[in-house]
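Asks: Handing you this structure, nothing more for now.
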Amino acid sequence: GILAGGSSTIMAFTRLTNRLPARQRIRLQQLYCLSARNFGSTSTEFKKTPLHDFHCELGATMVPFAGWSMPVKYTRGINNEHLHTRSKASLFDVSHMLQLKIHGKDRIRFIEQLVVGDIAALEVNRGTLTLITNEKGGIIDDAIVTNTSDGYLYVVCNAGCADKDVAHLKKHMQIFQDEHPGSDISMEELHESALIALQGTRLMEYDMTDLYCLVKVQ
């Protein structure tokens, strides 16, 4: 596959512009990429993923997204990259997403108070897509929770909700510890770890036996 954009925004933009006549579509995409390049390349305040320099070497157009400098397109163009992903598979740099480790023997009991997934039923090194909810059952964010063989839960949340999610987990971790004196639970934020997502219609043709992957839990 190709190493293609780091934001779902580009897919929504492509679907929108594909409805336009060819001349309008091409012009709008050119204006979009030009403005993105100018806005993203002159700022130094955005965080960079461990693969940032690699993206630049490949000629990526970098744009700001959720406080990060992320690739929105490469030299092949938006349409080619989109169609490649839909027909084959592509690698996405999603290192900007919030990554957490939940440690301790009470990690599953704790996390199951905050998410709707059956985390206790997960096999080792398997994960599930779930929802983080508030006290009334409202959705705060979606997340992927993986039960690793290394004795911790690996949690991935959306970059745009990172501050809110961390605050929510810290608040309820303190409540959990107060309600259960002597409980064994802690949280670690990963700030330097890269995260790659393989997406596309033919992704299952790739050998991923040594990687954490999702499984549906009933």
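The values are calculated or read from the model by the stated rules, or taken from the named source; none is laboratory data. In this text the structure is predicted, and so the values were computed from the model without any measurement. Here the Cβ positions follow ideal geometry from the backbone for every residue, glycine too, while neighbour counts run over all protein chains shown.
Asks: Taking only pairs six or more apart or across chains, which ones have beta-carbon atoms under 6 Å, a first residue in the stretch 57-83 that is more than 21 Å from MET97 (Cα to Cα), and a second residue that is crowded, with 22+ Cβ neighbours inside 10 Å and polar (S, T, N, Q)?
Replies: Close Cβ pairs (under 6 Å, with a partner that is crowded, with 22+ Cβ neighbours inside 10 Å and polar (S, T, N, Q)) do not exist here.
Asks: Any idea how many residues of the stretch 64-91 are of a type in the set (A, V, I, L, M) and within 20 Å of HIS191 (Cα to Cα)? Spell out how you get there, then give the answer.
Replies: Initially, the stretch 64-91 is screened for residues of a type in the set (A, V, I, L, M), giving 66, 70, 72, 78, 83, 89, 91.
From what's left, within 20 Å of HIS191 (Cα to Cα): 66, 70.
The qualifying residues number 2.
Asks: Determine, yes or no, whether GLY59 is surrounded by 16 or more Cβ atoms within 10 Å (Cβ to Cβ) and not in a helix (DSSP H, G or I).
Replies: Considered against the rule, which asks whether it is surrounded by 16 or more Cβ atoms within 10 Å (Cβ to Cβ) and not in a helix (DSSP H, G or I), GLY59 comes out as no.
Asks: How many residues does the stretch 124-149 contain that are among the acidic types (Asp, Glu) and either surrounded by 15 or more Cβ atoms within 10 Å (Cβ to Cβ) or in contact with a Leu (Cβ under 6 Å, 6 or more places away or on another chain) (or both)? First the steps, then the outcome.
Replies: Step one: filter the stretch 124-149 for residues among the acidic types (Asp, Glu), giving 135, 141-142.
Next, only the ones that are either surrounded by 15 or more Cβ atoms within 10 Å (Cβ to Cβ) or in contact with a Leu (Cβ under 6 Å, 6 or more places away or on another chain) (or both) stay: 141-142.
Residues that pass the stated criteria total 2.
Asks: Separate question: In the stretch 34-45, is there at least one residue being basic (Lys, Arg), at pLDDT 95 or above and more than 28 Å from TYR206 (Cα to Cα)?
Replies: Scanning the stretch 34-45, I find no residue that is basic (Lys, Arg), at pLDDT 95 or above and more than 28 Å from TYR206 (Cα to Cα), so the answer is no.
Asks: Now for a different question. Restricting attention to strands (runs of 3 or more DSSP E) lying wholly within the stretch 67-123, give those where 1 or more residues are surrounded by 21 or more Cβ atoms within 10 Å (Cβ to Cβ) and at pLDDT 95 or above.
Replies: So the answer is 98-103.
Every residue, every condition in (1) among the hydroxyl-bearing types (Ser, Thr, Tyr); (2) part of a loop (DSSP other than H, G, I, E, B); (3) in contact with a helix residue (DSSP H, G or I) (Cβ under 8 Å, 6 or more places away or on another chain); (4) free of Cβ contacts under 8 Å to residues at least 24 places away in the same chain, yes or no:
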site	(1), (2), (3), (4)
ALA143	no, no, yes, no
THR146	yes, no, no, no
VAL156	no, no, no, no
ALA162	no, no, no, no
ASP165	no, no, no, no
ASP178	no, no, no, yes
MET187	no, no, yes, no
SER193	yes, yes, no, no
